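J.: The structure follows.
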Amino acid sequence: MLRGAALGAASPLIPATAATASAGDNGRGSGPDAGSATFRWLGTAGWRIDVGDRTVLFDPYLTRFTTGLYEGAFNPRTSLQTRPEVVNAHIGRPDLVLVSHSHWDHLADVPHIARTTGARVVGTETTYHLLVALGVDAAQISVVKGGEVLNFDGIIVDVVPSLHSRNKKCAYFAPGTLNSPPPTVPSTISDLPEGDTLAFQVTAGDSGPSAFLMGASDFSERAVQGLRPDLAMIAVPSSTATHRYVPRLLRALDRPRVAVPVHWDNFETPLSGSPERDPEMDLDAFVAQVEKVSPATRVVVPDYRTVYDATMRPVSA
């Protein structure tokens, strides 16, 4: 997801680990074993999910280089960058990388991760063409469209057709898709078009947990109905362009036990500090909407340095 025009400096956020009411079972039974998986927020929309000795990454953007976005001087010709020492410190030994769409704040570090770990990458046809152009072995990439339910040795991935979020003008940066290789090797952020957007639901074995993962703050209402995740990692919107975004989404997901807001941070500051709020993302209003629409849903505002269990309660920092 890309925000609208950046205005002003980001203000620091004191990390919060949990907020609001205790979660009910919402008809989901006793819930997942808290020790069955762990979750680490990688900033922006990114997650690292560890199930035993296996690791799944979602939208792992870790280098977080400067584009001028937060200074009001956005440069679409900013060169793509990857800092291996930063990326490697966070990713473990991933088996699987899920990519929601191909904008730089979701894809830029994926070529390095794929080339150096051999992890399988799941994404759109646009993601496929971009990664191959950037030196990733085509045999490592699984192209999906949405609707697939894939079994990766007991880790179940529901691929959900989704939509990219819109700014105040109902537009967004670098739209477009690729149905063939790009004419030149991508070198700037504008060389990475959105290329359609996916969401994913990842379920760790028979007992869960199930986590719904979003890379942008819009969705297909019909596509998410019936998923009923335990955890919903929900992108915070930068505008009201998507009509009744929070109420419609929570209703379609059958009011999950836990909602985790993502993509509200300044994604050009290092992960070594505490999250700083993107000034265009009203995190407080988002939390208030969730509380109003689904009082039984517990809201957890994540921190970069905390490891969470399957109920999104901290297990270590």
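Every read-out reported here was derived from the displayed coordinates using simple, explicitly stated rules and does not represent laboratory data. Note that this is a predicted model, so its numbers are computed, not measured. Quick reminder, even Gly has a Cβ in these numbers, built from the backbone with ideal geometry, and neighbours come from all protein chains shown.
J.: Does P181 fit the bill of being within 16 Å of S102 (Cα to Cα), in contact with a helix residue (DSSP H, G or I) (Cβ under 8 Å, 6 or more places away or on another chain) and touching a residue at least 60 places away in the same chain (Cβ under 8 Å)? If you could, list the steps in order and put the result at the bottom.
T.: Working: within 16 Å of S102 (Cα to Cα): yes; in contact with a helix residue (DSSP H, G or I) (Cβ under 8 Å, 6 or more places away or on another chain): yes; touching a residue at least 60 places away in the same chain (Cβ under 8 Å): no.
Taking the combined requirement at face value, the residue does not satisfy it.
J.: A further question on this structure: For the range 152-196, which residues satisfy the criterion of being among the small types (G, A, S), surrounded by fewer than 20 Cβ atoms within 10 Å (Cβ to Cβ) and at positive phi? It would help to see each step written out before you state the result.
T.: Residues of the range 152-196 that are among the small types (G, A, S), as a first pass: 154, 162, 165, 171, 174, 176, 180, 187, 190, 195.
So of that shortlist, the ones also surrounded by fewer than 20 Cβ atoms within 10 Å (Cβ to Cβ) come out as 154, 171, 174, 176, 180, 187, 190.
Across the range 152-196, the qualifying residues are G154, A174, G176.
J.: Residues that are out of contact with any helix residue (DSSP H, G or I) (no Cβ under 9 Å at 6 or more places or on another chain) and more than 20 Å from T63 (Cβ to Cβ): does the range 271-280 have at least one?
T.: So far as the range 271-280 goes, yes, one or more of its residues are out of contact with any helix residue (DSSP H, G or I) (no Cβ under 9 Å at 6 or more places or on another chain) and more than 20 Å from T63 (Cβ to Cβ).
J.: Going through H101, H112, H90 one at a time, which residue ends up being of a type outside the set (A, V, I, L, M), surrounded by 20 or more Cβ atoms within 10 Å (Cβ to Cβ) and not in a loop (DSSP other than H, G, I, E, B)?
T.: H112
J.: Would you call E194 touching a helix residue (DSSP H, G or I) at 6+ places or on another chain (Cβ under 6 Å) and of a type in the set (D, E, K, R)? Can you show your working first?
T.: Values: touching a helix residue (DSSP H, G or I) at 6+ places or on another chain (Cβ under 6 Å): no; of a type in the set (D, E, K, R): yes.
No: the conditions fail for E194.
J.: Step by step: first the residues of the range 162-188, then only those that are closer than 17 Å to T242 by Cα and polar (S, T, N, Q), then the one that is farthest from the chain's Cα centre (by Cα). Which residue is that?
T.: Among them, the one singled out is N167.
J.: Scan the range 194-218 and report the pairs whose first residue is within 15 Å of L249 (Cβ to Cβ) and whose second residue is assigned to a strand (DSSP E or B) and not hydrophobic (A, V, I, L, M, F, W, C), with Cβ atoms within less than 6 Å and a gap of 6+ or a chain change.
T.: Pairs found: T197/S162; A199/S162; Q201/D158; Q201/S210; F212/Q201; A216/T197.
J.: Continuing with the same structure: So L231 clears everything in (1) under 21 Å from S294 (Cβ atoms); (2) over 16 Å from the mean Cα position of the chain (by Cα) except one condition, right? Which one?
T.: Failing condition for L231: (2).
J.: Being of a type in the set (A, V, I, L, M) and more than 15 Å from the chain's Cα centre (by Cα) narrows it down to one residue among V224, V262, V202, V236; which is it? Don't jump to the end; show me each part of the working.
T.: Working: V262 fails: more than 15 Å from the chain's Cα centre (by Cα); V202 fails: more than 15 Å from the chain's Cα centre (by Cα); V236 fails: more than 15 Å from the chain's Cα centre (by Cα).
When all the criteria are applied, what remains is V224.
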